[in-house]
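The values are calculated or read from the model by the stated rules, or taken from the named source; none is laboratory data. All of these numbers come straight from a predicted model, not from anything done at the bench. We place every Cβ from the backbone using ideal geometry, glycine too, and count neighbours over all the protein chains shown. Remember, those area values only see protein heavy atoms, side chains included, never the ligands or the DNA or RNA. Shrake-Rupley method; radii C 1.70, N 1.55, O 1.52, S 1.80 Å.
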Amino acid sequence: MAKIQIKEWIKWGVVIILGVIAAFLLEAVITIYQISRGYGEKTEYFPLAVMESNDYVVGGEDGKLWVTTGADPWVILYSDREIGHIRIRFQEPLTKDMSISCFYGRDNAFHTLQHKERYLLEGTKEAVFTIPYGKWNSYRLGIAGDFFLDKLEGAEVIPLSAIQARQVQQQINQRRLLVFLFIFCASGCLMAKQRERRKEKEKQEKGKQEGTKGKAARPRVLYLDAVRVLAALLVILVHIVGPMELIFSLRGNKVIYWVFWCIRFVIISCNPLFFMLSGALLLPWREEAWSEFVKKRLIKVVLPLLVYGGIYLVVLCASQASLREWLSAYTMRMLEGRVQMGTHLWMVFELIGMYLLVIPFRAFLNHCSEQTEKMLAVFILALTGIRSIAYVYGIELAVSTFLGDWTGVFLFGYLMNQKWMRRYDRFWAVGGLATIIVGAFLAIHQANSERYIFGSSIFVLVIACGIFSVILHMEDRLQRIKGILVFFSQYSYSILLIHWFVLHNILFIQGLSRFKPMLYVFSALSSCVLLSFLFSVFIDNTIVALIEHGIRQIAYWIGKCLKPGIMYLVARHSKKG
C-alpha cells in the first residue's frame, strides 16, 4: 500500500514539474519575441514620416484630422532603420471599431499575401502594430475610418543575437507566467486523472458487454467522421485558394485564374457539408431531454467557440486596452456573433441557431413517411434553385424562402442519411460532376463569376450531396483507417476554428507567396493542417478542458446544495397529496 502511494506522489510530482518547465519555456519564448520586436521597458521611439497617401484627406486646425475618402485608405512609411513595431497615438478616442492593416516590403514593392491585419476597439487612444521578421524598409499602413492622429512612431528591431539572458529575466511578465503555470500544471493533473478514469471505464464496459444480453451499443458511423475531416480540410483549402485566385486575376493570367476558380467552386461545398453533417447527426429521433441536449451542445460547440473566439478578439487586437474594456468588448461581440479577424466563424453562429430547431424538427421528422420526406427533399431543392436564380439575376423575392437557405441544407443532411435516398446515390454523384461543368461554363461566359459560388446555392448544394454520397459508399474501405479518422475527427471542429489564425497570422505574413502556385497550395495546406492540429490539441486539452471541468464542478456543487431543499419540497408536496 505504501509503495502504491509513493508511486502516486511521484506521478503527480512529475506532472507538476513538467508543467512548470513548459510554462517557463513558453513565457521565455514570448518574452524573447517581444524584445526582438522592440518591446521593452526602455524602448526608444522615433517619428515616422508619411511619404505618400491614398484615399485620405488631412485637415483640422492642427492638421491632425484624417478623413477617409475612398474604399482603400493607406499611407506609405519609409525607414532606414528596421522597425519592430509601430505605435499609433490618437488625440481623441476612436468613435467606432476600425480595421488596421500593414503591407511590408522593400523599396515600395508590396505583395498581396505579405501583409498583416488587426483591428482597433472603439475608444482606443493608443495602438501598437507588430511587424513580422524580415528585412523591410517600406510599410503601407491603412486604418479604415476617420480619426485624429497625434503621433506615428516606430521602435527599432533588436537582433536575437543581442538579447541577453538578464534582459529576458527582467522583462518576464509575472502575471502571464502565473497564468501559464496554472494552465499547464492543472491541465496536466486533469489529463492524468482522466486517463485513469478512462482505463477504469474501459474495464467496466468490457465487463458489461460480457454480462449483458440486452440492446447492443449503437455502432459508430465512420463515413460521417470522414465527411467531418474532409469538410475541415476543404475549409482550409478554400481560404488558401481564394488569395491565389485574386492574385492571378490581378495579373491577368486567365488560365491559372480559371483553374483556381474551378477548384474553389468545388471545395466551397465544405460549408453545406458541415450543415448537412450536423443535420445527419442531430435530427434522427432519440429519447433525449431538452436540458441534456443543450448541455451537450454547450460543452461541445459553444465552449470551444468562446475560447477560440477570445483568441481572435484579444490576440489580434492592436488597441492598448484595460481588462474591463477587453471583457466588455468580448461579451458584446460574442453575443452579436461579430468576431473581428475571425470572419469564418459566421458558420458556427449560424449552426448554433440551427440547434434551437433540433428538438421540434426531430418530432416532425419522426412522424414523416417516406413519401413526405421525398416531398420535403424536392421542396428544399426547388426553393434553393429559385433563391439561387434570383440571386444570380439580382431579383428580390417577395416571399420567404428560408428552406432554400441554410435551414434547408441542415434538413437535407438528415434526408441524405435515409435508406430510401440510397436509390439516388448515382444521381447525386453524376449530378455533382455535371454541376461543376455547367457552373464553370456559365461562370466563364458571365461577367460576375462569384454569383455561382455563394455557400448555399443550388450548384454548391448538389456538389456537396455528390461528395456525401461517394463517401457514404466508401464505408468499408474507411474501416482500414478507422483509428486515424476517429482521432482527427474529434479535433476537426477546433481545427476549423483556429485555422484562420494560423493562415493569416503565421503562414501568409512570412511570404509563402514566393512559391509557385501548386507548390504554394501544397505547402500552405500541409503547414496549416499540421499547425492547426497542434494548436487544437494543445488548447482543447488545456484551456477548454479546464473550463469544462470547472463548469461541471460548479454545476455539481450547485446541485448538491440545492438537493436538500428540492427533496424537502417534493416530500412536503407528496404529504399534501
>> Quick check: Cα centre of region 102-127 to Cα centre of region 24-95, how many Å?
In response: 9
>> I'd like to compare 126-135, 312-321: which one has the highest average count of other Cβ atoms within 10 Å, and what's the full order after that?
In response: 312-321, 126-135
>> Can you give the FRET efficiency to the nearest 0.05 for residue 325 and residue 398, using r as the Cβ-Cβ distance and R₀ = 56 Å?
In response: 0.80
> Once label points are set 7 Å from the Cα along Cα→Cβ at both residue 125 and residue 198, what is their separation, rounded to one decimal in nm?
Replying inline: 5.1
> If the chain between residue 438 and residue 72 were fully stretched, how many nm would it gain, using 0.36 nm times the residue separation less the Cα-Cα distance?
Replying inline: 128.2 nm
> Leaving out ligands, DNA and RNA, what percent of the accessible area of region 155-204 is carbon and sulfur, probe 1.4 Å?
Replying inline: 52
>> Counting only Cα atoms, I'd like the Rg/Rh figure for region 10-122, Kirkwood definition for Rh.
In response: 1.13
> Leaving out ligands, DNA and RNA, what percent of the accessible area of region 248-352 is carbon and sulfur, probe 1.4 Å?
Replying inline: 64
>> Test of the criteria: in region 243-299, which GluC sites (Glu not before Pro) are in a DSSP loop and have at most 10 other Cβ atoms within 10 angstrom of their Cβ?
In response: 287
>> Let me check against my output: what whole-number percent is the relative contact order of the chain, with C-alpha pairs under 8 Å and at least 6 apart?
In response: 17
>> Between residue 151 and residue 176, how high is the FRET efficiency from 1/(1 + (r/R0)^6) when r is the Cβ-Cβ distance and R₀ = 30 Å? Nearest 0.05.
In response: 0.65
> Extent of region 68-196 along each principal axis, from alpha carbon coordinates, in Å, largest to smallest?
Replying inline: 62, 38, 30
> Which one, [x] -0.54, -1.41; [y] -0.44, -1.26; [z] -0.65, -1.23, gives log10 I(q)/I(0) by the Debye sum over Cα atoms at q = 0.07, 0.12 Å⁻¹ as derived from the coordinates shown?
Replying inline: [x]
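Subtracting the Cα-Cα distance from 0.36 nm times the residue separation, let me have the gained length for residue 14 to residue 554 in nm, one decimal.
Between residue 14 and residue 554, full extension yields an extra 191.6 nm.
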>> Whole percent per 10 Å bin, from 0 to the bin with the longest distance: what is P(r) over all C-alpha pairs of region 362-517?
In response: 9, 26, 31, 26, 7, 1
> Based on the mean of other beta carbon atoms within 10 Å per residue, what is the order of 540-551, 460-471, most packed first?
Replying inline: 460-471, 540-551
> How much area per residue is accessible in the chain when the probe is 1.4 Å and only protein heavy atoms are counted (Å²)?
Replying inline: 55
> Under a point spin-label approximation (7 Å from Cα along Cα-to-Cβ), what is the residue 480-residue 291 distance to one decimal in nm?
Replying inline: 4.8
> Rounded to the nearest 500 deg cm²/dmol, what is the calculated helix-only ellipticity per residue at 222 nm for the chain, with -39500 (n - 2.57) per DSSP H run of length n ≥ 4?
Replying inline: -19500 deg cm²/dmol
> When the accessible area of region 468-546 is computed with all protein chains present and a 1.4 Å probe, what percentage of it is carbon and sulfur?
Replying inline: 70
> What list of ³J(HN,Hα) values in whole Hz, one per residue of region 418-433 in order, does the Karplus curve 6.51 cos²θ - 1.76 cosθ + 1.60 (θ = phi - 60°) give from phi, with Gly and Pro shown as x?
Replying inline: 7, 4, 5, 5, 5, 5, 10, 4, 5, 4, 5, 5, 5, x, x, 5
>> Among 39-52, 93-106, how do they line up by average Cβ neighbours within 10 Å per residue, starting with the highest?
In response: 93-106, 39-52
>> For the pair residue 423/residue 169, report the inter-label distance in nm, with labels modelled 7 Å from Cα in the Cβ direction.
In response: 7.9
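For region 216-359, rounded, prolate or oblate, judged on the Cα gyration tensor with a ≥ b ≥ c (square roots of eigenvalues), a/c < 1.5 rounded, else prolate if a/b > b/c?
In terms of gyration-tensor shape, oblate.
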> For the pair residue 364 and residue 563, what calculated FRET efficiency results from E = 1/(1 + (r/R0)^6), where r is the Cβ-Cβ distance and R0 = 51 Å, to the nearest 0.05?
Replying inline: 0.90
